[in-house]
Structure formats: C-alpha cells, structure tokens
Amino acid sequence: MEKYEIETLLAQAGNHSQEDPYGTVSTPIYLSSNFRHGKLSDVDHFDYEKQYAYSRMANPTRKVLEQTLALLEEGTRAFALSSGMAAIQLVFSLFKSGDEIISTDDLYGGTFRYFDHLNDHFGLNFSQWNGKDIADLKKLITAKTVAIWIETPSNPTMKEVDLVAIATFIHNINSNIKIIVDNTFYTPIYQKPLTLGADIVVHSATKYLSGHNDLLGGAVVCKGTELTEKLIFNFNTTGAVLDPFDSWLLLRSLKTLPLRMRQHTENAQAIFKFLSTSPAVSKVLYPGVGGMISFYLKDSSKLATFFDNLKIISFAESLGGVESLVTLPAKQTHHDMPIEQREHLGITDNLLRLSVGLENSKDLITELKKALE
Ligand SMILES: *Cc1c(COP(=O)(O)O)cnc(C)c1O
C-alpha cells in the first residue's frame, strides 16, 4: 500500500474501502450484529480477519476504523474498544498473576486505580519509576518484569520521557519486556511510539481522537504478529468492542485530527504565554505542543471565584474536545491517589488542568484574565 502523509491518510479514511461494494465516500454504518455464512464448507475455512460472522469478532465499520488507526500509529493491527479503560484492560489481558510491571509515576487517575486493583486482587505487581533516571529504572527490572507502562506527557504534570532511550535500554536487557505507551495526550500527530521502539500504544479515543466530547472509546495498536494474534483472541474473547455507530463517529472525527491538533496547539501556546505572565499564577506546565496546560494558582482561596467567573470554559472532566474544559485533578481525576503521592507529584489543591479547545484564543484569554483577577 502506498504511504501517504497523515492528512491525506485521514481525509481519505474509508473512501476506496474494500468493505463496501457501492463506492460510498463515507463509510456506511453496518448495524448488523451477525452476517450470513455462505456454504457449509465456508465455515471450515473461515478467515476472521477477512470475513464477517458476528460483530464482536469483526464489523465492517469498525474494521475501516481499525485499519485507519493501525496506519495512523504505524502498527500491525489496531483494536477499537468501548472506552480507554477497556483498551487498557485489553492490554493487561496479556499478563498474569506474578508478572511485574513498571509504570511511570504520574498517571491518569483511572489507570492508577486499575493498577491498584490488579495489584491488590489479581497478583500483578507494580513498581513506579519517576521517568527520569535510567539507572533507577534498571534497579526495578527483574526476571519477572513483563512490561513498562508509560504516559508521556504525563497527566496532569506534563512530564515527558525519552521513549527512544527507554525502549533501546529495555529491549537490550530483555527484548520480551513490552514497552506500552498511553498516547492519549499527544496523539500520532505529535508522537508515534511504535516508530520510537514501543510495542503497544493505547488511547482514550474519548479525548483528542474523537475530539468533540460526544463519545467514549478506546484504541490499542500493536506491532508484530505475536502480539496481534494474542490480542485478537483476547479482544474477541472479552468483547469490549466499539459499536458500529461510535466507530463511524470516531472515523469521521479522525478526518479532522491534524487540523484540530494544529489549532489546539496554537491556542494553547497563546494561553501558555498569557498564564506565564499572570500575577495570579505561580507556575505553568506545558510541554510546548498539544492542547493540555496545567497551572498553579498562587492563592487557592480564589478557586471558587475562578470557577464562578468562567462562561466559555466548562468546569468538567475529560479533555481533548472542541470545547475548552478545566478540572481540579486533586479533587476529580486523581482523587483516588493517596494524598502523600499526590503531594509528591505536585498534584496539589491549587493545581488546575486546562484542556484548551478550539474557540478563539483571544476570547479564552479575556475570560481567564477576568477569572484570575
Ligand atoms: C481519559 C483517559 C483514559 C481513560 O479513558 P476513558 O475513555 O475515560 O475510559 C486513559 N488514559 C488517559 C491519559 C486519559 O486521559
């Protein structure tokens, strides 16, 4: 297949598809849970990767989406799931009791909660690494280490890790240790972990991939036939698949991902500049691209008035959509993290996380200026 630039790949996603006999430009929504078999002998030679029988295994709309996601992240196979957490759960179906996983220490709150649960009830052992010092990482690796879980940039403190350095280091020690990256924040527009040495990429498609605050979804993209075969089996066996309508909606949204990410970045850079000079803000965390900014209010007693003065920016969970959102991680997404760890990571009560939307940045800055006064 010809390799196109990302804008072309996405704008054309589903057009010229093998899945549709009528030449549709937009992929149809196949609302059928099942598909007729042909002859009895067909069942004996059934190829689940090419034919259809039952929509948990494969559905033509989801197939087009999954093919697009695989091309986008440059992986072997992609899986579209019903939420980001379902995607993370699919990845963990690869591991078993007694396995050890190293994770970066600043994680999405739901991921942190799930790891805790696996640790306490399913015998998987987690250790945490601060994402900085490779010598510290080395100390955490044992004969039982099966994977390293990375969020970069991290949520909500925007720490970045050097994926190439980590992947090279880990795979030199043991090529079977899987490097898994949650790429929700940067998306493949700014980072393609599989091209940097990772084995598996995970997304909450609820965020930038869908980008309109209107669906829940998740994606897993893997490299190589071994992982592909295992994940196909586990995906079909556990069944948290994305339904045909949301598959179509996500595919449609992906077509504007490059445009949206460029504008999220442009808006966030303008807001970063403004917040950096605001006397009401003590520190701003922004990795330079993407639409996520975290910042500390100097005076946390001003939080309530800050929220009261917002008209455009919604006080609401989630991120990555056209509408700007603000959250208070210590009270919302990261509430389940023990307070000592929160404090250690800098997730204090005066830390706000802003998902910069696609409104005009002048209006957003005017609003922030007023709310911070
Ligand atoms: C939201 C989020 C998740 C979980 O995804 P859901 O779609 O809410 O299940 C995982 N990782 C990151 C970085 C997220 O922001």
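Applying the set (1) farther than 16 Å from N234 by Cα; (2) of a type in the set (S, T, Y); (3) away from the ligand (no atom under 16 Å from the Cβ); (4) touching a strand residue (DSSP E or B) at 6+ places or on another chain (Cβ under 8 Å) to Y52 leaves exactly one unmet item: (4). Checking the stated criteria, L209 turns out not to satisfy the condition of being of a type in the set (A, V, I, L, M), open to solvent by 30 Å² or more (accessible area, probe 1.4 Å) and either within 14 Å of the ligand (Cβ to nearest atom) or within 28 Å of K362 (Cα to Cα) (or both). Could you list all residues from the range 76-93 that are open to solvent by 10 Å² or more (accessible area, probe 1.4 Å) and under 20 Å from T27 (Cβ atoms)? Residues satisfying the conditions are R77, S82. Scanning the range 84-97 for residues that are out of contact with any Gly (no Cβ under 6 Å at 6 or more places or on another chain) and away from the ligand (no atom under 14 Å from the Cβ) gives S93, L94, F95, K96. Of the helices (runs of 4 or more DSSP H) lying entirely inside the range 179-255, the ones with 1 or more residues being within 16 Å of the chain's Cα centre (by Cα) are found at 187-190, 244-254.
Which of the following residues is open to solvent by less than 30 Å² (accessible area, probe 1.4 Å) and farther than 30 Å from S93 by Cα: A280, A219?
Details: A219 fails: farther than 30 Å from S93 by Cα.
On inspection, the qualifying residue turns out to be A280.
Of all the residues in the range 64-75, those that are surrounded by fewer than 20 Cβ atoms within 10 Å (Cβ to Cβ), touching a Leu at 6+ places or on another chain (Cβ under 8 Å) and assigned to a helix (DSSP H, G or I) number 1.
Count of the range 149-178 residues, restricted to those that are more than 16 Å from the ligand (Cβ to nearest atom) and either closer than 30 Å to Y296 by Cα or under 22 Å from the mean Cα position of the chain (by Cα) (or both), is 7. Only residues that are exposed (fewer than 12 other Cβ atoms within 10 Å of the Cβ) and touching a Leu at 6+ places or on another chain (Cβ under 9 Å) were counted in the range 1-51, giving 2.
Out of N183, N155, one residue alone is crowded, with 20+ Cβ neighbours inside 10 Å and under 30 Å from T61 (Cα atoms). It is N183. Looking only at residues in the range 107-141 that are more than 16 Å from the ligand (Cβ to nearest atom) and part of a loop (DSSP other than H, G, I, E, B), which one is surrounded by the most Cβ atoms within 10 Å (Cβ to Cβ)? Per the criteria, the residue is L124.
Scanning the range 288-312 for residues being touching a residue at least 40 places away in the same chain (Cβ under 8 Å), open to solvent by 10 Å² or more (accessible area, probe 1.4 Å) and among the aliphatic types (A, V, I, L, M) gives a total of 4. Kindly check whether there is at least one residue in the range 94-104 that is farther than 23 Å from T225 by Cβ, in a loop (DSSP other than H, G, I, E, B) and not assigned by TED's automatic domain parsing to the domain that holds L354. Yes, the range 94-104 contains a residue that is farther than 23 Å from T225 by Cβ, in a loop (DSSP other than H, G, I, E, B) and not assigned by TED's automatic domain parsing to the domain that holds L354.
The values are calculated or read from the model by the stated rules, or taken from the named source; none is laboratory data. Quick caveat, the model's predicted, so the values are computed rather than measured. No Cβ is skipped: glycine too gets one built from the backbone with ideal geometry, and neighbour counts run over all protein chains shown. For the accessible areas, the whole protein counts, side chains as well, though only heavy atoms, and no ligand, DNA or RNA atoms are used. Shrake-Rupley method; radii C 1.70, N 1.55, O 1.52, S 1.80 Å.
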